[in-house]
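Report on the structure given below.
The values are calculated or read from the model by the stated rules, or taken from the named source; none is laboratory data. From a predicted model like this one, the values you see are computed outputs, not experimental measurements. Positions of Cβ are generated from backbone atoms using ideal geometry, with glycine treated the same way; all protein chains shown enter the neighbour counts.
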Amino acid sequence: MPAVGLSPFFEVASPFCEARAPNSSSDLASPLAASSNCAPSEKVSVRLLNGVSGEEEVRFPVPIEASFSEQHFYAMLDRLCQKHAGQALCDMNWLSQEHSGARFQRRKCDLSMVEELFGEDDPSKRKGPMVLLLCTVPAKPPSELPANRIRLRNLMPSRVCSGAVQPVRLQLDTSVLEVDHQYSVAFTHQWTNVTYSGEASLLPNGRGVELSVPWQILAAESANTDGLYDVHLVTDCSYRSENRRTLTVGSAESEFSSSSTAMSAAQTSFVALNQGGKGGSGV
(Lines give C-alpha, C1' and ligand atoms only; values in the text may rest on other atoms or scores of the structure.)
Protein backbone atom coordinates (compact mmCIF):
# COMPACT_ATOMS: atom_id res chain seq x y z
CA MET A 1 0.00 0.00 0.00
CA PRO A 2 1.18 3.56 -0.56
CA ALA A 3 3.26 5.21 2.10
CA VAL A 4 1.84 8.07 4.08
CA GLY A 5 3.94 11.17 4.55
CA LEU A 6 4.40 13.15 7.73
CA SER A 7 1.36 15.11 8.79
CA PRO A 8 0.99 18.39 10.73
CA PHE A 9 -1.42 16.55 13.00
CA PHE A 10 1.47 14.51 14.44
CA GLU A 11 2.68 16.13 17.65
CA VAL A 12 5.66 13.84 18.18
CA ALA A 13 8.28 12.47 15.84
CA SER A 14 7.32 8.88 16.62
CA PRO A 15 3.67 8.12 17.41
CA PHE A 16 4.49 4.86 19.14
CA CYS A 17 6.23 5.33 22.49
CA GLU A 18 7.20 2.47 24.72
CA ALA A 19 6.47 1.61 28.26
CA ARG A 20 9.28 1.42 30.81
CA ALA A 21 11.65 -1.53 30.82
CA PRO A 22 10.38 -4.60 32.71
CA ASN A 23 11.51 -5.08 36.31
CA SER A 24 11.67 -8.87 36.28
CA SER A 25 12.12 -11.77 33.90
CA SER A 26 8.39 -12.58 34.17
CA ASP A 27 7.58 -9.18 32.69
CA LEU A 28 9.53 -9.95 29.53
CA ALA A 29 6.71 -12.11 28.17
CA SER A 30 4.33 -9.17 27.98
CA PRO A 31 5.33 -5.67 26.84
CA LEU A 32 2.10 -4.36 28.31
CA ALA A 33 3.13 -5.60 31.76
CA ALA A 34 5.94 -3.06 31.66
CA SER A 35 3.36 -0.29 31.67
CA SER A 36 2.66 -1.07 35.32
CA ASN A 37 5.41 1.43 36.12
CA CYS A 38 3.49 4.18 34.32
CA ALA A 39 1.56 6.81 36.19
CA PRO A 40 -2.00 5.67 37.09
CA SER A 41 -3.48 8.38 34.91
CA GLU A 42 -1.42 7.55 31.80
CA LYS A 43 -3.44 7.01 28.65
CA VAL A 44 -2.88 6.25 24.99
CA SER A 45 -4.17 9.02 22.72
CA VAL A 46 -5.85 7.35 19.73
CA ARG A 47 -6.20 9.53 16.64
CA LEU A 48 -8.15 8.44 13.59
CA LEU A 49 -7.12 10.04 10.30
CA ASN A 50 -8.99 10.08 7.02
CA GLY A 51 -7.33 7.51 4.77
CA VAL A 52 -7.63 9.79 1.73
CA SER A 53 -7.10 13.37 2.92
CA GLY A 54 -5.04 12.66 6.06
CA GLU A 55 -7.27 14.96 8.11
CA GLU A 56 -7.96 13.97 11.71
CA GLU A 57 -11.56 12.79 12.10
CA VAL A 58 -11.73 11.84 15.77
CA ARG A 59 -9.52 11.28 18.81
CA PHE A 60 -10.12 9.62 22.16
CA PRO A 61 -8.06 8.35 25.13
CA VAL A 62 -7.57 4.73 26.18
CA PRO A 63 -6.49 4.27 29.83
CA ILE A 64 -3.51 1.92 30.15
CA GLU A 65 -4.28 0.88 33.72
CA ALA A 66 -7.66 -0.52 32.60
CA SER A 67 -5.92 -3.22 30.57
CA PHE A 68 -4.00 -6.27 31.81
CA SER A 69 -2.85 -7.92 28.55
CA GLU A 70 -2.29 -7.19 24.88
CA GLN A 71 -5.41 -9.15 23.96
CA HIS A 72 -7.51 -7.24 26.48
CA PHE A 73 -6.15 -3.88 25.33
CA TYR A 74 -6.91 -4.78 21.69
CA ALA A 75 -10.50 -5.80 22.55
CA MET A 76 -10.99 -2.61 24.59
CA LEU A 77 -9.57 -0.49 21.75
CA ASP A 78 -11.87 -2.24 19.27
CA ARG A 79 -14.95 -1.40 21.39
CA LEU A 80 -13.87 2.23 21.77
CA CYS A 81 -13.26 2.57 18.02
CA GLN A 82 -16.77 1.32 17.32
CA LYS A 83 -18.17 3.71 19.93
CA HIS A 84 -16.31 6.86 18.87
CA ALA A 85 -15.65 6.22 15.18
CA GLY A 86 -18.36 3.77 14.18
CA GLN A 87 -15.79 1.37 12.72
CA ALA A 88 -14.11 -1.79 13.96
CA LEU A 89 -10.33 -2.13 14.09
CA CYS A 90 -10.44 -4.76 11.36
CA ASP A 91 -11.76 -2.06 9.00
CA MET A 92 -8.83 0.30 9.70
CA ASN A 93 -5.08 0.52 9.22
CA TRP A 94 -2.51 1.77 11.69
CA LEU A 95 0.44 4.00 10.83
CA SER A 96 3.93 2.98 11.89
CA GLN A 97 7.49 4.18 11.39
CA GLU A 98 10.64 2.06 11.16
CA HIS A 99 12.50 4.88 12.93
CA SER A 100 11.96 8.47 13.94
CA GLY A 101 11.56 10.72 10.91
CA ALA A 102 10.79 7.86 8.52
CA ARG A 103 7.71 7.77 6.34
CA PHE A 104 4.57 6.30 7.88
CA GLN A 105 3.46 2.93 6.53
CA ARG A 106 -0.10 1.56 6.54
CA ARG A 107 -0.37 -1.77 8.34
CA LYS A 108 -3.20 -4.08 9.29
CA CYS A 109 -4.54 -3.64 12.83
CA ASP A 110 -3.71 -6.76 14.86
CA LEU A 111 -1.98 -7.79 18.09
CA SER A 112 1.44 -6.89 16.68
CA MET A 113 0.25 -3.28 16.70
CA VAL A 114 -0.28 -3.45 20.47
CA GLU A 115 3.02 -5.25 21.02
CA GLU A 116 4.94 -2.57 19.12
CA LEU A 117 3.01 0.20 20.83
CA PHE A 118 4.19 -0.96 24.26
CA GLY A 119 7.48 -2.56 23.30
CA GLU A 120 9.76 -0.05 21.59
CA ASP A 121 11.85 2.87 22.87
CA ASP A 122 12.43 4.36 26.33
CA PRO A 123 9.40 6.34 27.61
CA SER A 124 11.77 8.58 29.56
CA LYS A 125 12.64 10.12 26.17
CA ARG A 126 9.01 10.70 25.29
CA LYS A 127 8.18 14.32 24.47
CA GLY A 128 4.42 13.95 24.68
CA PRO A 129 1.63 11.48 25.35
CA MET A 130 1.72 7.96 23.99
CA VAL A 131 -0.01 8.20 20.59
CA LEU A 132 -1.57 5.55 18.36
CA LEU A 133 -2.34 6.68 14.81
CA LEU A 134 -5.09 4.88 12.90
CA CYS A 135 -6.49 5.66 9.48
CA THR A 136 -9.67 4.73 7.65
CA VAL A 137 -9.64 2.44 4.64
CA PRO A 138 -11.70 3.90 1.76
CA ALA A 139 -14.78 1.77 1.15
CA LYS A 140 -15.01 0.07 -2.23
CA PRO A 141 -17.87 1.56 -4.30
CA PRO A 142 -20.68 -1.00 -4.68
CA SER A 143 -20.76 -0.22 -8.40
CA GLU A 144 -17.51 -2.22 -8.65
CA LEU A 145 -19.14 -5.32 -7.13
CA PRO A 146 -21.18 -7.90 -9.07
CA ALA A 147 -24.92 -7.86 -8.40
CA ASN A 148 -26.86 -10.68 -6.74
CA ARG A 149 -30.61 -11.31 -6.77
CA ILE A 150 -31.44 -9.39 -3.59
CA ARG A 151 -33.92 -6.57 -4.20
CA LEU A 152 -34.42 -3.55 -1.96
CA ARG A 153 -38.05 -2.72 -1.15
CA ASN A 154 -38.03 0.31 1.11
CA LEU A 155 -35.76 2.50 3.27
CA MET A 156 -37.13 4.01 6.48
CA PRO A 157 -36.58 6.83 7.10
CA SER A 158 -35.49 7.98 3.66
CA ARG A 159 -34.37 11.41 4.89
CA VAL A 160 -32.16 12.36 7.87
CA CYS A 161 -30.71 15.64 9.15
CA SER A 162 -26.98 16.23 9.28
CA GLY A 163 -25.76 17.04 12.77
CA ALA A 164 -28.50 14.88 14.31
CA VAL A 165 -27.91 13.18 17.65
CA GLN A 166 -26.35 9.80 17.00
CA PRO A 167 -27.02 6.98 16.52
CA VAL A 168 -29.65 7.43 13.81
CA ARG A 169 -31.21 4.06 12.99
CA LEU A 170 -32.42 2.95 9.56
CA GLN A 171 -34.42 -0.04 8.38
CA LEU A 172 -33.87 -1.39 4.89
CA ASP A 173 -36.61 -3.77 3.71
CA THR A 174 -35.54 -6.36 1.15
CA SER A 175 -36.44 -9.64 -0.45
CA VAL A 176 -35.76 -12.75 1.67
CA LEU A 177 -32.19 -12.85 3.03
CA GLU A 178 -30.19 -15.91 4.05
CA VAL A 179 -29.03 -16.18 7.65
CA ASP A 180 -25.40 -17.30 7.29
CA HIS A 181 -24.04 -14.19 5.60
CA GLN A 182 -22.49 -10.88 6.60
CA TYR A 183 -24.50 -7.84 5.55
CA SER A 184 -23.51 -4.20 5.34
CA VAL A 185 -25.07 -1.15 3.74
CA ALA A 186 -23.09 1.14 1.44
CA PHE A 187 -23.98 4.83 1.02
CA THR A 188 -22.48 6.49 -2.06
CA HIS A 189 -22.75 10.27 -2.37
CA GLN A 190 -24.15 11.06 -5.81
CA TRP A 191 -22.06 14.21 -6.21
CA THR A 192 -18.65 13.32 -4.71
CA ASN A 193 -18.91 9.54 -5.29
CA VAL A 194 -17.51 8.95 -1.78
CA THR A 195 -18.79 5.73 -0.22
CA TYR A 196 -19.45 5.13 3.48
CA SER A 197 -20.38 1.75 4.89
CA GLY A 198 -22.14 0.48 8.01
CA GLU A 199 -22.59 -3.00 9.45
CA ALA A 200 -26.19 -4.24 9.36
CA SER A 201 -28.18 -6.70 11.47
CA LEU A 202 -30.70 -9.09 9.95
CA LEU A 203 -34.34 -8.43 10.85
CA PRO A 204 -36.16 -11.26 12.69
CA ASN A 205 -38.42 -11.90 9.68
CA GLY A 206 -35.40 -12.23 7.36
CA ARG A 207 -36.77 -9.59 4.99
CA GLY A 208 -34.40 -6.73 5.63
CA VAL A 209 -31.72 -5.29 7.89
CA GLU A 210 -31.34 -2.49 10.40
CA LEU A 211 -28.30 -0.31 11.00
CA SER A 212 -27.01 3.06 12.16
CA VAL A 213 -26.22 5.80 9.64
CA PRO A 214 -22.38 6.04 9.38
CA TRP A 215 -21.17 8.76 11.71
CA GLN A 216 -19.14 10.44 8.97
CA ILE A 217 -22.35 11.37 7.15
CA LEU A 218 -23.90 13.02 10.22
CA ALA A 219 -20.80 14.29 12.04
CA ALA A 220 -21.14 17.91 10.89
CA GLU A 221 -23.42 20.04 8.81
CA SER A 222 -21.40 20.38 5.64
CA ALA A 223 -22.02 20.72 1.94
CA ASN A 224 -19.59 17.82 1.51
CA THR A 225 -21.91 15.36 3.27
CA ASP A 226 -25.32 16.86 2.50
CA GLY A 227 -27.06 15.52 -0.56
CA LEU A 228 -28.41 12.32 -2.05
CA TYR A 229 -26.85 8.91 -1.36
CA ASP A 230 -27.34 5.75 -3.38
CA VAL A 231 -27.99 2.92 -0.93
CA HIS A 232 -26.98 -0.69 -1.67
CA LEU A 233 -27.00 -3.82 0.46
CA VAL A 234 -23.62 -5.56 0.34
CA THR A 235 -23.31 -9.29 1.09
CA ASP A 236 -20.05 -10.74 2.44
CA CYS A 237 -18.18 -7.69 1.11
CA SER A 238 -18.43 -9.31 -2.32
CA TYR A 239 -21.87 -8.72 -3.85
CA ARG A 240 -24.30 -5.80 -4.05
CA SER A 241 -28.06 -5.74 -4.25
CA GLU A 242 -29.73 -5.84 -7.66
CA ASN A 243 -31.25 -2.39 -7.19
CA ARG A 244 -30.77 0.63 -4.91
CA ARG A 245 -32.67 3.06 -2.70
CA THR A 246 -31.93 6.73 -2.01
CA LEU A 247 -31.18 8.49 1.28
CA THR A 248 -31.44 12.28 1.55
CA VAL A 249 -29.12 14.02 4.03
CA GLY A 250 -29.42 17.73 4.79
CA SER A 251 -29.93 20.30 7.52
CA ALA A 252 -33.50 21.13 8.49
CA GLU A 253 -33.13 24.67 7.07
CA SER A 254 -31.27 23.85 3.87
CA GLU A 255 -32.80 24.64 0.48
CA PHE A 256 -31.58 21.28 -0.73
CA SER A 257 -33.63 19.46 1.90
CA SER A 258 -36.77 21.36 0.89
CA SER A 259 -36.28 20.73 -2.81
CA SER A 260 -35.41 17.06 -2.20
CA THR A 261 -38.53 16.62 -0.07
CA ALA A 262 -40.65 18.17 -2.81
CA MET A 263 -39.00 15.97 -5.41
CA SER A 264 -39.61 12.85 -3.32
CA ALA A 265 -43.25 13.82 -2.84
CA ALA A 266 -43.66 14.34 -6.59
CA GLN A 267 -42.11 10.97 -7.33
CA THR A 268 -44.28 9.26 -4.72
CA SER A 269 -47.49 10.83 -6.09
CA PHE A 270 -46.73 9.86 -9.70
CA VAL A 271 -49.48 7.74 -11.24
CA ALA A 272 -48.81 5.66 -14.33
CA LEU A 273 -50.96 6.29 -17.40
CA ASN A 274 -53.71 3.81 -18.05
CA GLN A 275 -53.25 2.99 -21.71
CA GLY A 276 -55.84 0.27 -22.05
CA GLY A 277 -58.83 1.41 -19.97
CA LYS A 278 -61.57 3.86 -20.86
CA GLY A 279 -61.02 7.40 -19.74
CA GLY A 280 -57.24 6.95 -19.77
CA SER A 281 -55.06 9.29 -21.75
CA GLY A 282 -53.52 7.40 -24.59
CA VAL A 283 -50.05 8.13 -25.83
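For residue 163, are the conditions met, namely being assigned by TED's automatic domain parsing to the domain that holds residue 238, modelled with pLDDT under 95 and in contact with a Ser or Thr (Cβ under 8 Å, 6 or more places away or on another chain)? Show your work before the answer.
Values: assigned by TED's automatic domain parsing to the domain that holds residue 238: yes; modelled with pLDDT under 95: yes; in contact with a Ser or Thr (Cβ under 8 Å, 6 or more places away or on another chain): yes.
Yes; evaluated as a whole, the condition is true for this residue.
Here is a yes/no grid of residues against (1) under 30 Å from residue 118 (Cα atoms); (2) modelled with pLDDT of 95 or more; (3) acidic (Asp, Glu):
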position	(1), (2), (3)
138	yes, no, no
141	no, no, no
153	no, yes, no
170	no, yes, no
177	no, yes, no
182	no, no, no
186	no, no, no
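Scan region 193-232 residue by residue and report those that are hydroxyl-bearing (Ser, Thr, Tyr) and either touching a strand residue (DSSP E or B) at 6+ places or on another chain (Cβ under 7 Å) or under 20 Å from residue 151 (Cβ atoms) (or both).
195, 196, 197, 201, 212, 225, 229
Restricting attention to region 102-113, report how many residues are assigned to a helix (DSSP H, G or I), out of contact with any strand residue (DSSP E or B) (no Cβ under 7 Å at 6 or more places or on another chain) and among the aliphatic types (A, V, I, L, M).
Of the residues in that region, 1 qualify.
Could you say which residue among 185, 179 is surrounded by fewer than 18 Cβ atoms within 10 Å (Cβ to Cβ) and either assigned to a loop (DSSP other than H, G, I, E, B) or out of contact with any helix residue (DSSP H, G or I) (no Cβ under 7 Å at 6 or more places or on another chain) (or both)?
Details: 185 fails: surrounded by fewer than 18 Cβ atoms within 10 Å (Cβ to Cβ).
Testing whether each residue is surrounded by fewer than 18 Cβ atoms within 10 Å (Cβ to Cβ) and either assigned to a loop (DSSP other than H, G, I, E, B) or out of contact with any helix residue (DSSP H, G or I) (no Cβ under 7 Å at 6 or more places or on another chain) (or both) leaves just 179.
What residue, among those in region 188-222 that are on the phi > 0 side of the Ramachandran plot and modelled with pLDDT of 95 or more, is surrounded by the most Cβ atoms within 10 Å (Cβ to Cβ)? First the steps, then the outcome.
To start, the set of residues in region 188-222 that are on the phi > 0 side of the Ramachandran plot comprises 193, 206, 208.
The next check asks that each one be modelled with pLDDT of 95 or more; those that pass are 206, 208.
On the way: 206: 13, 208: 24.
Here the answer is 208.
For (1) more than 30 Å from residue 229 (Cα to Cα); (2) in the same structural domain as residue 181 (by TED's automatic domain parsing); (3) of a type in the set (S, T, N, Q), each residue gets a yes or a no:
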position	(1), (2), (3)
82	no, no, yes
94	no, no, no
119	yes, no, no
130	yes, no, no
151	no, yes, no
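With respect to residue 102, is the statement that it is buried (at least 16 other Cβ atoms within 10 Å of the Cβ) and either modelled with pLDDT under 80 or more than 24 Å from the chain's Cα centre (by Cα) (or both) true? Give the steps one after another, and end with the answer.
Values: buried (at least 16 other Cβ atoms within 10 Å of the Cβ): no; either modelled with pLDDT under 80 or more than 24 Å from the chain's Cα centre (by Cα) (or both): yes.
So residue 102 does not fit the description; no.
Quick one: would you say residue 116 is part of a helix (DSSP H, G or I) and modelled with pLDDT under 95?
yes
Of everything in region 77-99, what is more than 22 Å from residue 198 (Cβ to Cβ) and aliphatic (A, V, I, L, M)? Give them in sequence order.
Pass one, region 77-99, residues more than 22 Å from residue 198 (Cβ to Cβ): 95-99.
Across region 77-99, the qualifying residue is only 95.
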